[in-house]
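Scroll down for the structure; my scribbles are underneath it.
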Amino acid sequence: MGITPFVLFWAAIFTSNILLTNFLGMCSYLSVSKEVESSAGLGIAVTFVLTATAGLNWLVYKYILVPFHIEYLQFIVFIIVIAAFVQLLELIIERYVPALYYSLGIFLPLITVNCAIFGVSLFLVIRNYSFLQSIAFGAGSGIGWLLAILMLAGIRNRLKEKLVPAGLRGAGISLVITGIMALAFIGFSGIQAVQ
Amino acid sequence: MTKKEIFVVSAFKDNSVWRQILGICSTLAVTNLMLNSLIMGLGVIFTLALSTFTISLIREYTPRSVRMMAQTLIIGAYVIIVDILLKAWLPDVSKQLGPYVGLIITNCILMGRAEAFAAQNKPLDSMIDGIGAGVGYTLVLLVISFIRELLGFGTLFGVRVMGEGWINWSIMVMAPSAFFILALMIWAINTYYYKEAK
């Protein structure tokens, strides 16, 4: 893959948005997007963890799994790395930055099961990225996810007083909004696609 | 509950996708071709059946504090089996599904069934509940992929069904259509349930 990390970063945000084109991280996206503030909190936490675990999992894959020929264990190993990293982060934030812990801390356990994080780690391996590319892809994907959830939260806020058909309320209307956002994001696809 | 009731409830009445909005990621991602959806569905049924069985089997010996991690590892082990089998027998499908096979681990349906049912019930009942949830999930995948493949490629399971003059709807192959179809499906089913409740 000859894409520079810089291009990859922007492509991950716009043309190959992790949520709008790869459908990753939908569960927490749909359930947390009721408030703009909590969406921003979760989005920032996801971006941070995503960037760090993309780098970590790349190192683990390259220097532990490949030399020992245990690539087939990648699923379990990646999950453990992500869970351990989130746990560690929780401890550090709680100990040193208690204020941040109270605003971000509640989202951290949610992140372990966010499939965007795990999905990005799997993409790194499948697409054979270098270390810098991985970090750029992780950061870009995180920011792309943050962008998507912020937009959905903003639109849902506006919809609160509007009359939505009973059966469409909640998940249904969120999916319709997401579909329209995904349509809009197709407009970016002329720039550079990562496939 | 009898075993049949457990199956019906978890497959249809409490269907994970349309009632609880779980496991949406892969529901949307693999549904542009029916074959991929079917394989994905079978993979999920396999993982669900065996992981709920195993989790239920060791439910009394698992300390509460490490329960989540233990469940994840059990699920992960079965997903690895699915991945290896796919790579060996259906390398093409495995390539197209890409990361989504591995993503079965973080599919909320699996954790959901493990927590909500398998952690409190007998192994055999849990297995039936797991199979039920898997069948319900596969059903949703097949319905969505039926629409997308038919309109997007003019084929079903790769076999051409639309006539010569058919023009493919390229939007059906792309991401937005998946969101719209799932939304319409949830809308229709919810409306049906509201009518029933009245």
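The values are calculated or read from the model by the stated rules, or taken from the named source; none is laboratory data. All figures in this text were calculated on a predicted structure; none of them were measured in a lab. A quick note on method: Cβ atoms are made from the backbone with ideal geometry, for glycine too, and the neighbour counts reach across all protein chains shown. Just the protein is used for accessible areas: all its heavy atoms, side chains included, with ligands, DNA and RNA removed. Shrake-Rupley method; radii C 1.70, N 1.55, O 1.52, S 1.80 Å.
Distance from a point 7 Å along Cα→Cβ of B:LYS95 to each backbone N in the range B:23-44: keep the residues under 20 Å and list them by number. Label zone hits: B:30-40.
For chain B, the square roots of the Cα gyration tensor eigenvalues, ordered a ≥ b ≥ c, give a/c of at least 1.5 with a/b no greater than b/c, which places it in the oblate category. Accessible area buried by the pairing of A and B, both sides summed with a 1.4 Å probe, works out to roughly 3000 Å². Mean sequence separation of contacting Cα pairs (under 8 Å, at least six apart), scaled by the length of the range A:12-186, corresponds to a relative contact order of 45 percent.
Derived scalar couplings between HN and Hα for the range A:176-181 equal 4, 4, 4, x, 5, 4 Hz in order, rounded to whole Hz, by the Karplus curve 6.51 cos²θ - 1.76 cosθ + 1.60 (θ = phi - 60°), x for Gly and Pro. Across peptide A:77-83, the average count of Cβ atoms from other chains found within 10 Å of a residue's Cβ is 3. A crude spin-label estimate for the pair A:TRP10 and A:TYR63, with each label 7 Å from Cα along the Cβ direction, gives 3.2 nm.
The charge dipole of chain B, taken about its Cα centre with unit charges on the Cβ atoms of Lys, Arg (+1), Asp and Glu (-1) only, comes to about 300 debye. Under a Cβ-Cβ cut-off of 15 Å, what is the net charge of the residues other than B:LYS95 that fall near it, where Lys and Arg count +1 and Asp and Glu count -1? Net of charged neighbours comes to 0.
Pairs of Cα atoms under 8 Å, at least six residues apart: use those to get the relative contact order of the range B:46-198, whole percent. Once divided by the residue count of the range B:46-198, the mean separation gives 25 percent. How large, in percent, is the carbon and sulfur part of the accessible surface of the protein assembly as shown at a probe radius of 1.4 Å? Heavy-atom surface of the protein assembly as shown belonging to carbon and sulfur, 1.4 Å probe: 70 percent.
Positive contributions from Lys and Arg (+1) and negative ones from Asp and Glu (-1), summed over other residues with Cβ under 14 Å from the Cβ of A:LEU88, come out at -1. Sequence-ordered 3J(HN,Hα) estimates for the range A:165-175 from the Karplus curve with 6.51, -1.76 and 1.60 and θ = phi - 60° stand at x, 3, x, 9, 4, x, 4, x, 5, 4, 5 Hz, glycine and proline given as x. Scanning chain A for trypsin sites (Lys or Arg not before Pro) in DSSP loops with at most 10 other Cβ atoms within 10 Å, what's the longest stretch left with none? Answer from the scan: A:1-159.
Over the C-alpha atoms of chain A, the Rg to Rh ratio, Rh being the Kirkwood estimate, stands at 1.00. Placing unit charges on each Cβ (+1 for Lys and Arg, -1 for Asp and Glu) gives the protein assembly as shown a dipole about its Cα centre, and among B:ASN36, A:ALA83, A:PHE6 the Cα reaching farthest toward its positive end belongs to B:ASN36. The overall shape of the protein assembly as shown, judged from the alpha-carbon gyration tensor, is rounded, with an a/c ratio under 1.5.
Show me the chymotrypsin sites (Phe, Trp or Tyr not before Pro) within the range A:1-82 that DSSP assigns to loop and that have at most 15 other Cβ atoms within 10 Å of their Cβ. Sparse-neighbourhood loop chymotrypsin sites (Phe, Trp or Tyr not before Pro): A:PHE68. Rank A:LEU147, A:TYR63, A:GLY119 by how far each Cα sits towards the positive end of the charge dipole of the protein assembly as shown (+1 on Lys, Arg Cβ; -1 on Asp, Glu Cβ) and give me just the farthest. Among A:LEU147, A:TYR63, A:GLY119, the one farthest towards the positive end of the dipole of the protein assembly as shown is A:LEU147. Neighbours of B:GLU5, meaning other residues whose beta-carbon lies under 15 angstrom from its beta-carbon, give a summed charge of +1 when Lys and Arg score +1 and Asp and Glu score -1. Each listed q (0.16, 0.19, 0.23, 0.25 Å⁻¹) maps to a log10 I(q)/I(0) for the range A:13-114, found by the Debye formula over equal Cα scatterers with no solvent: -0.79, -1.03, -1.26, -1.34. Taking θ as phi - 60° and the Karplus parameters 6.51, -1.76 and 1.60, the scalar couplings of the range B:135-152 work out to 5, x, 5, 4, 4, 4, 4, 5, 4, 5, 6, 4, 5, 5, 5, 4, 7, x Hz in sequence order, x denoting glycine and proline.
Counting Lys and Arg as +1 and Asp and Glu as -1, each charge on the Cβ, what is the dipole of the protein assembly as shown about the Cα centre in debye, to the nearest 20? Dipole size: approximately 460 debye.
How big is the charge dipole of chain A about its Cα centre, in debye rounded to the nearest 20, if each Lys and Arg gets +1 on its Cβ and each Asp and Glu gets -1 on its Cβ?
Magnitude of the dipole: close to 360 debye.
Heavy-atom accessible area with a 1.4 Å probe sorts B:SER65, B:SER177, largest first, into B:SER65, B:SER177.
Average accessible surface for the protein assembly as shown: 46 Å² per residue, computed with a 1.4 Å probe over protein heavy atoms with every protein chain in place. Near the amide H of B:LEU156, within less than 5 Å, lie the amide hydrogens of B:VAL161, all on another chain or at least 5 residues away, with H placed in the peptide plane.
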